[in-house]
Amino acid sequence: MSVNNPLSLGAMLDAAAARADTPAIVFKDIRISYAELAARADAFARGLLALGLGPGDHVVIWMPNSIEWNVANFAIAKIGAVTVTCNSRYKGVELEYVLRQSDAKALVMMDRLETAGIDYREILRSVVPDVLWQQDRRIVSAKFPELRHVIVFGAEHDPGCLGADAVVRRGAKVAPGELAKIRVAPEAPAAMLYTSGTTGAPKGCLLSHGNFWYKAREYLALHEWGPDDRCLVPVPYFHIFGALGCITANALAGSTQVVMEVFDPEEALRLIERERVTIFSGVPTMFITILGHPGFRDYNLRSLRTGTIGAAPVPVEMMRKILDREHGLGMDATVVYGLTEATGGTHFTRLGDPIEQRVSTVGRVTPELVDRIVDPTTGRECAIGTEGEVCVKGPSLMLGYYKQPEATADKIRDGWLHTGDMGVKDAQGYLRITGRLSDMIIVGGFNTYPAEIENFYLRHPKILDVSIVGVPDPVLGEVVMAFVIPKAGASLTAQEIRDFAKDQIANFKIPKYVEIVSEFPLTGSGKVQKFKQKAWAVETYGFSAPA
């Protein structure tokens, strides 16, 4: 495959369908081949064309991991439209923001997620009440002027929505040649994933088909990943870890996804044994709960070969257990550092690296990129061994933030993506992350920005001010803590603060700890001294990570 000819997502699927004789997806005892997946994606794509959707249109996918997610995603790609991913745990406030900010022409969703007790239709009605009636077989909403269609996979949908089967039936009237006429360029946008913003407003990160191809190619090379591999998918597709490291990488390799709707450690153990999984990638929380599961030794996990651990530091004792062939997982696991704006991992440790490098560094830059460490004040490149901001440059950098040119220009300067993370690089090119320029909190692998949560809580009628910080957690890596100042004369409890957010924002953003205070520590210019709040929070609620 030529370095100068990146493939679109649809072309990757078609190539796998033409050559792969392994299953594309194993999900809930259902097995689907690449040929079947490609045929279903084509049928759904023709249905989207019949609805008037086409190149450049934004289509939100809001559902848990499933075969249907893959079908919708590849169908959207094949018509040259853009998949806008929406966290499957999002509630009404967050769904409304995504639909509005993305200028979505359509929403593709599941009717419900039984295992988590989520009725997506109920949430949708609160945001788009227009789905309760039908007007000319499309949505007519003053609140969402761009939104035309809501498509539902599942047994039930409201009158203003279209069932996925009905969309496919409409597509049967569209000649296959109409789909074949669409040429999707590598530089065309393929997906938009939301990253929480330091100003409180999540930013839509636009990634191209070429971005996905360049990065997936490196994932395959770094893991010696081929068509015979079987990859456990415990991470959500709406996250770059799932969108790139699972859907795209497996399609490019022609290998098999063993998909989990939601992560459960015992189910993961069962699937690894039953499906002879060879690649297992996830966040440290997943590895911690699997290794600590009481039934861990009851399963045969010897099929495991490699995988990646990302989104948080890996304690040395956990890494020893992951590498241990006799008493642990026996995986030659790599450690990754990355961000959505670079289409995932920018730095990886390599297969066979010493354990010291896997726990003290995040590895070397991926081959399609170059990196440098710069002084955040002067912008000058730092000497080896000197701390500065981590910057990367290359063909897997995002197209930009949707409708936010100033934020894009601040993030990518002179072709260099400024990560916002501080680090030190050694003479061999191995990077050690030392801190963050931002206040970002990583909860179980999900990037969470205090400003977004603070802005939400300022809607509370009894809250005068709120300050959010992260607290170390032995399982999730970090959790959210809120310092809250009530309005004069108001009485507030920690439980009231948590209850206000329940069913309104994603559960990982809800504060685990709450402290009601009369004032915040301030600088001379009146800014909140979050470092003092965080120090108190860590001393009070934090834990000491194993050495």
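Have a look at 345, 310, 330 and point out the one that is in contact (Cβ under 8 Å) with a residue 12 or more places away in the chain and within 15 Å of residue 396 (Cα to Cα).
Residue meeting the stated conditions: 345.
Output the residues belonging to segment 336-360 that are in contact with a His (Cβ under 6 Å, 6 or more places away or on another chain) and modelled with pLDDT of 95 or more.
none
Applying the selection to segment 476-512, what residues are more than 17 Å from residue 452 (Cα to Cα) and touching a Gly at 6+ places or on another chain (Cβ under 8 Å)?
476, 477
In segment 150-174, which residue that is in contact with a Leu (Cβ under 8 Å, 6 or more places away or on another chain) and part of a helix (DSSP H, G or I) is nearest to residue 84 (Cα to Cα)?
Ranking the qualifying residues of segment 150-174, first place goes to 167.
Take the residues of segment 183-200 that are surrounded by 16 or more Cβ atoms within 10 Å (Cβ to Cβ) and modelled with pLDDT under 95: which is nearest to residue 104 (Cα to Cα)? Let's see the steps before the verdict.
Within segment 183-200, the first condition is being surrounded by 16 or more Cβ atoms within 10 Å (Cβ to Cβ), and the residues that meet it are 184, 186, 188-198.
Filter again for modelled with pLDDT under 95, leaving 194-198.
Working: 194: 13, 195: 17, 196: 19, 197: 20, 198: 23 Å.
Among residues in segment 183-200 that are surrounded by 16 or more Cβ atoms within 10 Å (Cβ to Cβ) and modelled with pLDDT under 95, the one nearest to residue 104 (Cα to Cα) is 194.
If residue 421 meets every condition in (1) at pLDDT 95 or above; (2) surrounded by fewer than 21 Cβ atoms within 10 Å (Cβ to Cβ) apart from one, which number is that one?
(1)
Would you tally the residues in segment 474-507 being within 25 Å of the chain's Cα centre (by Cα) and surrounded by 19 or more Cβ atoms within 10 Å (Cβ to Cβ)?
9
For segment 238-295, which fully contained helices (runs of 4 or more DSSP H) count at least 1 residues that are among the polar types (S, T, N, Q) and at pLDDT 95 or above?
Hits in segment 238-295: 249-253.
Can you tell me which residue is surrounded by the fewest Cβ atoms within 10 Å (Cβ to Cβ) among those in segment 429-445 that are at pLDDT below 85 and either of a type in the set (Phe, Trp, Tyr) or not in a loop (DSSP other than H, G, I, E, B) (or both)?
Among residues in segment 429-445 that are at pLDDT below 85 and either of a type in the set (Phe, Trp, Tyr) or not in a loop (DSSP other than H, G, I, E, B) (or both), the one surrounded by the fewest Cβ atoms within 10 Å (Cβ to Cβ) is 435.
Can you name the residue in segment 1-45 that is at pLDDT 95 or above and of a type in the set (Ser, Thr, Tyr) and, of all such residues, is surrounded by the fewest Cβ atoms within 10 Å (Cβ to Cβ)?
So the residue we want is 33.
With under 29 Å from residue 211 (Cβ atoms) and assigned by TED's automatic domain parsing to the domain that holds residue 44 as the only criterion, which of 159, 129, 145, 189 stands out?
When all the criteria are applied, what remains is 189.
Taking segment 351-385 only, how many residues are surrounded by 12 or more Cβ atoms within 10 Å (Cβ to Cβ) and farther than 23 Å from residue 216 by Cβ?
Result for segment 351-385: 13.
The values are calculated or read from the model by the stated rules, or taken from the named source; none is laboratory data. Source: prediction; values computed, not measured. As a convention, Cβ positions derive from the backbone with ideal geometry for all residues, glycine included, and neighbour counts pool all protein chains shown.
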